[in-house]
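Single-structure report; data block below.
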Amino acid sequence: MSHILQSDVVRYACTCGSLKPLSRIYFCRHCLKIRCGYCVSHEVDSHYCANCLENLPSAEARLKKQRCASCFDCPSCLHTLSTKASTVVVPSSDEKTVTRKLYYLACGFCRWTSRDIGYPDQTVASGGWPEKENPHASRIYNLLEHFKTLALREKQEREKKKKFIPRRNIYHLSGLSAAMARKRAGLPSIGPSSLKDDVGGPAELIPSAATEEVEQLPEEIFTDTLNLLKVTTLKQRLAQPEFQPQTVDELYPAHKCLLIKRSQRCRSCEHNVSKPEYNPGSIKFKIQLSAHYHVPEIRIVTCEPLRAGEKSEMIIKICNPTQYQSSLQFSPLPSPEEEAEELSKEIEERKQKVDRKDEKTNREDVLLLLPSICRQVSITEDPRPVNVALTGDISLPPVTLVLPPRDDAAEYDDSGDTHNFQDDPKIVVWRKANKAAMKLVITPEEDISEGRDVIVGFVMHYTYINTMATQLLEQREPQKVNLKVKLYITVGKVVGK
């Protein structure tokens, strides 16, 4: 987050060429690279209902069509329906009044109730609400079964082509007598091929045919006055695509859609960068490698009015989010030739890494026998240059800025700041704990028009302590690495002279 209300002011460049704010990117501790939402693969961990927090396995959620069995959405405003109770007097045989509780569905936002459409009240609050049947359910089911059978037959044909028939030898005759005995007795064979070949042909379906006879419109549509309050909106119709209600008296409550908890993996090394806890009621993460906790954060504090061709001072605040001391340096963006050379080197390194990984996979033939634990190989994108037109120049100071580690207690205790840094007061104007403010000079282009955004860019070099290498290699000291990231800052709009 570069600013409280303007998160897209300071953007970080990903290897795929996209620009994202710090709050929307990840940092892979294995690749030591910034990953945006396009550079990670998504995996579904669990399905749950946001209302009752019921956790469902993937197979059960698929059978229930990704919807909760006990919670409903309002068909009018699409909010969650609640169960209300009402007391009804029921006559009895012994001339005594007996009160009985009945339950109905009601919406607390638009005041829609299940009684508006004639839904009968239920004696149990847990459910039992009648379901509206889809008139095309049988046709859809037959089509699904037809294509499932076709897919299974095609799969068997492919397996038969790949099947290797070994050369017969004398040992094949040992089971001949048992097979002949089963055949004479009229029993089916017990081989795996016979089980696979039992799949019959696809069921015959009546194909859909076009007709010239179209149902005529009712006469009431031309004579009666149209009441728009009784006509459903497009949003209400799309919420129930299997019924497409036209009037409000045809709106029926729909089961609430399930939500998912997903984990995200780096496409390059396939390590998790984000993994939530399995409990639906928990908002914590088992793994959360957000770049906000690993990459220095830059915010704009103040900036003078920007005029074409004139210098303006800008003050930025830099924050070190890690638990280790970090050194920062700034350099201009590389030229197109240098950037193309860097991208070609990175592509070549990635290809070599993939080749080594393929050789290792070929040697480990045991994994081929365990398809349940094998994941699909992620598709990685080649690095691309950032497509941004700069409209200003920035003068970067040739100094090294040292930021202390993060200390939450130092935010409220000024006496704990005992660091003695010999900073140039013309460059570093303010410092506190793990934060520092620097002064930079911005010069917009001379031919820039009034009202256009001034965009500048530079490269930030910083030191990072990689504790992941310590855990993997069992080293005693963490590994110190030098990293860099490209930043693009939208300073503001050009004002008149």
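The values are calculated or read from the model by the stated rules, or taken from the named source; none is laboratory data. Here the structure is a predicted model, which is why all the values come from computation and not from measurement. Here the Cβ positions follow ideal geometry from the backbone for every residue, glycine too, while neighbour counts run over all protein chains shown.
If you go through region 227-248 one residue at a time, do you hit one that is at pLDDT 85 or above and more than 30 Å from LEU78 (Cβ to Cβ)?
no
Suppose we filter LEU144, LEU152 for residues that are surrounded by 12 or more Cβ atoms within 10 Å (Cβ to Cβ), under 32 Å from the mean Cα position of the chain (by Cα) and not in a strand (DSSP E or B); which single one remains?
Going through LEU144, LEU152 in turn, the sole match is LEU152.
Being in a helix (DSSP H, G or I), under 18 Å from ASP249 (Cα atoms) and of a type in the set (Val, Ile, Thr) is the filter here; which residues of region 210-228 pass it?
Correct list: ILE221 only.
Select from region 297-309 the residues that are more than 15 Å from LEU440 (Cβ to Cβ) and out of contact with any helix residue (DSSP H, G or I) (no Cβ under 9 Å at 6 or more places or on another chain) and list them in ascending order.
PRO305, ARG307, ALA308, GLY309
What are the residues in region 62-75 that are surrounded by fewer than 20 Cβ atoms within 10 Å (Cβ to Cβ), over 21 Å from the mean Cα position of the chain (by Cα) and either of a type in the set (A, V, I, L, M, F, W, C) or farther than 17 Å from ASN134 by Cβ (or both), if any?
Scanning region 62-75 gives LEU63, ALA69, SER70.
With the structure loaded, tell me whether SER282 is free of Cβ contacts under 8 Å to residues at least 40 places away in the same chain and within 29 Å of the chain's Cα centre (by Cα) or whether it fails that test.
The answer is yes for SER282.
SER395 versus (1) modelled with pLDDT under 90; (2) over 38 Å from the mean Cα position of the chain (by Cα): which is the lone unmet condition?
Going through the list (1) modelled with pLDDT under 90; (2) over 38 Å from the mean Cα position of the chain (by Cα), SER395 breaks only (1).
Output the number of the condition that VAL44 fails; it satisfies all remaining conditions of (1) farther than 30 Å from ILE287 by Cβ; (2) assigned to a strand (DSSP E or B); (3) hydrophobic (A, V, I, L, M, F, W, C).
(1)
Residue pairs, Cβ under 8 Å, 6 or more apart or interchain, first in region 56-74 and under 26 Å from SER114 (Cβ atoms) and touching a residue at least 60 places away in the same chain (Cβ under 8 Å), second basic (Lys, Arg) and loosely packed, with under 15 Cβ neighbours inside 10 Å. List them.
LEU56/LYS64
Report yes if some residue within region 51-61 is assigned to a loop (DSSP other than H, G, I, E, B), buried (at least 18 other Cβ atoms within 10 Å of the Cβ) and at pLDDT 90 or above; otherwise report no.
No, region 51-61 has no match at all.
Note down all Cβ pairs under 6 Å where the first residue falls in region 440-460 and is outside the structural domain of GLN329 (by TED's automatic domain parsing) and polar (S, T, N, Q), the second is in a strand (DSSP E or B) and surrounded by 14 or more Cβ atoms within 10 Å (Cβ to Cβ), and they're at least six residues apart or on different chains.
none
Taking region 82-125 as the search range and keeping residues that are of a type in the set (Gly, Ala, Ser) and in a loop (DSSP other than H, G, I, E, B), which one is nearest to the chain's Cα centre (by Cα)?
GLY108
Which ones in region 105-126 are in contact with a strand residue (DSSP E or B) (Cβ under 6 Å, 6 or more places away or on another chain) and hydroxyl-bearing (Ser, Thr, Tyr)?
THR113, SER114
Quick check on my filter: what residues within region 214-253 are under 22 Å from HIS136 (Cα atoms) and among the aliphatic types (A, V, I, L, M)?
VAL214, LEU217, LEU234, LEU238, ALA239, VAL248, LEU251
If you check GLU54 against the conditions, is it touching a Phe, Trp or Tyr at 6+ places or on another chain (Cβ under 8 Å) and of a type in the set (Asp, Glu)?
yes
Given the structure, is LYS256 under 25 Å from SER46 (Cβ atoms), of a type outside the set (Phe, Trp, Tyr) and more than 16 Å from the chain's Cα centre (by Cα)?
Answer is yes for this residue.
Which ones in region 427-466 are surrounded by 15 or more Cβ atoms within 10 Å (Cβ to Cβ) and among the hydroxyl-bearing types (Ser, Thr, Tyr)?
Scanning region 427-466 gives THR443, TYR462, THR463, TYR464.
Across region 269-320, which residue is surrounded by the most Cβ atoms within 10 Å (Cβ to Cβ) among those that are among the hydrophobic types (A, V, I, L, M, F, W, C) and not in a strand (DSSP E or B)?
ALA291
Whether any residue in region 240-260 is touching a residue at least 12 places away in the same chain (Cβ under 8 Å), out of contact with any strand residue (DSSP E or B) (no Cβ under 6 Å at 6 or more places or on another chain) and exposed (fewer than 10 other Cβ atoms within 10 Å of the Cβ) is what I want to check.
Looking for residues that are touching a residue at least 12 places away in the same chain (Cβ under 8 Å), out of contact with any strand residue (DSSP E or B) (no Cβ under 6 Å at 6 or more places or on another chain) and exposed (fewer than 10 other Cβ atoms within 10 Å of the Cβ), one finds none in region 240-260, hence no.
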